[in-house]
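S.K.: Got a structure for you, written out below as structure tokens; questions coming shortly.
The values are calculated or read from the model by the stated rules, or taken from the named source; none is laboratory data. In this text the structure is predicted, and so the values were computed from the model without any measurement. Positions of Cβ are generated from backbone atoms using ideal geometry, with glycine treated the same way; all protein chains shown enter the neighbour counts.
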Amino acid sequence: MLRIINKDLRLMLASNMQKGLMLFIVPLLLIIIEAQHMDWMYFVILISMTYILIMTPFSLDISNKTIGMINSLPISRREIVVYRYLSIFIYILISIIYSGIYLGIINKIGLLNVDYFNPSMIAKAIPYTMIISSIMFPANFKFEARIAQMVNAFLYSGTIVLAFNLAQTSVEIPTNIITRILEGPISILIAAIFYTLSMLLSIRIYENRDL
């Protein structure tokens, strides 16, 4: 699995498009979202950056035709799927560190007062990311690239629209049902169930898929 991690990180660092996206995604979100609740702004940034990191390996595998190379490694398809799911937590950690540094610099130079580390929002972002990824991953393992990318784009758009709304001044945060779910312990249970069932489904799909 370390070989796949190394491959994914090297491909992302070698892509100018991905490096540019990671560089400009934070200021872009800060510009286009007028948020009174800056803690939810931090949530939006974490979700967006984690999504980019999770989905980039899939798109790079397609564009660089590295799927054959992955399957030639001395690991089973089951292990490949398990790695993809475990990588969620690696990429969340990277997003937390990267956004903390980036937003800390923004705060330091006085451009904007925005959270750069918020444990409460991190606790909400983790199960949220797990649930969304649990829908995206089976689609990527099941469908051809074009269809999978359409599914990813649709889910990401819905995710960001919801996150945007949570950050807007018009949302009554205390009475929002999505907020109450994300703040409660039930979010971890729901995410764990989705995550486990999705992993089992993806393993079955990928083991039976002709490549």
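S.K.: Go through the residues of segment 185-192 one by one and say whether even a single one is part of a helix (DSSP H, G or I), under 15 Å from the mean Cα position of the chain (by Cα) and at pLDDT 80 or above. Quick ask: steps written out before the conclusion?
M.R.: Filtering segment 185-192 for residues part of a helix (DSSP H, G or I) gives 186-192.
Okay, now just the ones that are also under 15 Å from the mean Cα position of the chain (by Cα), so 191.
Checking which are at pLDDT 80 or above leaves us with 191.
Yes, segment 185-192 contains at least one residue that is part of a helix (DSSP H, G or I), under 15 Å from the mean Cα position of the chain (by Cα) and at pLDDT 80 or above.
S.K.: In addition: Out of all the residues in segment 22-29, is one or more modelled with pLDDT of 80 or more, surrounded by 17 or more Cβ atoms within 10 Å (Cβ to Cβ) and farther than 24 Å from R146 by Cα?
M.R.: yes
S.K.: Restricted to segment 36-86, and to residues that are in a helix (DSSP H, G or I) and in contact with a strand residue (DSSP E or B) (Cβ under 9 Å, 6 or more places away or on another chain), which residue is modelled with the highest pLDDT? Even if it seems obvious, please write down each step before you answer.
M.R.: We begin by selecting, within segment 36-86, every residue in a helix (DSSP H, G or I); these are 38-63, 67-72, 77-86.
Still in the list and also in contact with a strand residue (DSSP E or B) (Cβ under 9 Å, 6 or more places away or on another chain): 40-41, 44.
Numbers: W40: 78, M41: 81, V44: 85.
Result: V44.
Results for (1) within 19 Å of S48 (Cα to Cα); (2) β-branched (V, I, T); (3) modelled with pLDDT of 85 or more, shown as yes or no for each residue.
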| site | (1), (2), (3) |
| --- | --- |
| I88 | yes, yes, yes |
| Y98 | yes, no, yes |
| L111 | no, no, no |
| D115 | yes, no, no |
| A125 | yes, no, yes |
| L155 | yes, no, no |
| V171 | no, yes, no |
| I177 | no, yes, no |
